[in-house]
Amino acid sequence: MRRELDKAEEVTSPPALTVFEYPKANAEAFNWQGRLDWTSDDGTAFYASVSRRARFPTTFERFSTQFGNAASNPGLKPERATQFELGGSKTFGGLTAEAAIFYSDINDAIVAVRPAGFPANTSQRRNLGKAHYYGAELALTARLGETLEMGANYSYIHRTFDITPEQNVTVPVFALTDVPKHKGFAYADWSLVPIVHIVPSVEVASSRTTLDTYVPTAPGTVRYYQTGSYVQAGLRVDVDVMDNVTIGVGARNLFDDNYTLTDGFPEPGRSFFASLRTKY
């Protein structure tokens with residue numbers, strides 16, 4: 001992949017409306033991926049994969065001044081991630097187990113820092129971050145007779161992020177956000193009669209970190225906090241009215257749990273829905 005910049009212009013603020021051009025900078029990256037699969041018998045399979053991918057910085061990250069709160073940096077480089085994953089599945093009669101472990105090494109991550117001479121509440125994005133993500137996933141599916149299927153999955157992820165020190169640069173308070181360390185989901189699918197499916201489910205997640213969007217303190221102050229864990233139950237009833245048409249009704253957040261994933265945006269309370277699905 002290659003990104004070429006032909007023109008980047010901006011107009012100064014009134015009263016002197018002057019057009020000026022940002023410095024131009026091109027970038028390129030090579031992505032690749034490999035995977036090896038091995039099946040020892042009809043019910044057992046393993047795989048191993050490795051990949052290296054890039055994320056080019058957005059136009060906002062390179063040029064936005066955020067209404068005077070940031071300085072542009074047209075020369076931002078792509079972020080690069082090298083990822084490894086091992087996994088497999090095994091079927092024991094009516095039970096299927098799947099598992100995977102993964103590791104990601106991220107370089108040149110884009111972070112907002114405050115170079116020397118910048119006011120306290122301004123920043124500039126630079127490629128100074130390095131991160132390590134690793135974790136595991138486990139899923140079980142069981143067929144218990146002709147009318148009942150049950151399943152559950154669990155994921156664990158651990159993340160660390162370091163910012164490479166740079167002379168004359170102040171690193172603001174920084175934390176990784178939005179991803180819980182533990183998350184699980186379980187469901188049952190009970191066929192009361194062949195055309196009716198009753199599907200209760202439950203989702204659980206541990207606390208995650210979010211950025212406080214309102215801090216009545218000095219400009220430039222940054223504060224993070226933990227949102228708290230949650231348990232959310234749901235119920236869905238589907239009816240196959242034809243071979244390729246299914247109607248359904250259900251409810252989400254049955255116990256009307258009050259929880260938040262991102263600061264300032266409470267999640268919906270108990271809600272109900274109806275659906276129509278077709279297959280062709």
Practice prompt. Determine Rg/Rh for segment 1-144; Rg is computed over alpha-carbon atoms and Rh is the Kirkwood hydrodynamic estimate from the same atoms.
Written response: 1.21
Worksheet item: What is the spin-label model distance, in nm, from residue 42 to residue 185 if the labels are put 7 Å beyond Cα along the C-beta direction?
Response: 3.0
Worksheet item: Which values of log₁₀ I(q)/I(0), to two decimal places, follow from the Debye formula for the chain at q = 0.07, 0.09, 0.16 Å⁻¹ with a uniform point scatterer at every Cα?
Response: -0.43, -0.69, -1.32
Response to the item:
In order over segment 67-76: 3J(HN,Hα) from phi, Karplus 6.51/-1.76/1.60, θ = phi - 60°, whole Hz, x for each Gly or Pro, gives 6, x, 9, 8, 10, 6, 8, x, x, 4
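Could you work out the helix-only [θ] at 222 nm for the chain, with each DSSP H run of four or more residues adding -39,500 (n - 2.57) and the total divided by the number of residues, to the nearest 500 deg cm²/dmol? Don't skip to the end; give the middle numbers.
Numbers: 1 runs with 5 residues, N = 280.
Computed ellipticity for the chain at 222 nm equals -500 deg cm²/dmol.
Take the cross-link list 24/77; 90/181; 130/181; 90/279; 90/130 and give me the ones stretching past 24 Å between alpha-carbons. Intermediate results must be reported in sequence, preceding the final value.
Values: 24/77 13 Å; 90/181 26 Å; 130/181 19 Å; 90/279 29 Å; 90/130 36 Å.
In this structure, 90/181; 90/279; 90/130 exceed 24 Å between Cα atoms.
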Discussion item. Which residues does the label zone of residue 242 cover in segment 186-214, counting backbone N under 18 Å from a point 7 Å along Cα→Cβ?
Written reply: 195-196
Item to complete: Evaluate the distance, in nm, between pseudo-label points positioned 7 Å from the Cα of residue 255 and of residue 50 along their respective Cα→Cβ axes.
Response: 4.5
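In percent, what relative contact order does segment 156-279 have, based on Cα pairs under 8 Å that are 6 or more apart in sequence? Don't skip to the answer; put the middle values down first.
On the way: 245 pairs, mean separation 23.8, N = 124.
Reported relative contact order: 19 percent.
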Item to complete: Return the Cα extents of segment 116-179 along principal axes one, two and three, sorted largest first, each rounded to a whole Å.
Response: 71, 20, 15
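Return the Rg/Rh ratio of segment 162-280 with Cα-based radii and a Kirkwood Rh. Working shown, then result.
Numbers: Rg = 21.4 Å, Rh = 17.9 Å.
Here Rg/Rh amounts to 1.19.
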Discussion item. Along the charge dipole of segment 35-89, pointing to its positive end and built from +1/-1 on Cβ of Lys, Arg, Asp and Glu, which listed residue (74, 46, 58) has its Cα farthest out?
Written reply: 74
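Throughout, read-outs are computed from the coordinates displayed, never taken from laboratory work. In this text, all values refer to a predicted model and were calculated from it rather than measured experimentally. FYI the Cβ positions are ideal-geometry reconstructions off the backbone, even for glycines, and counts take in every protein chain you see.
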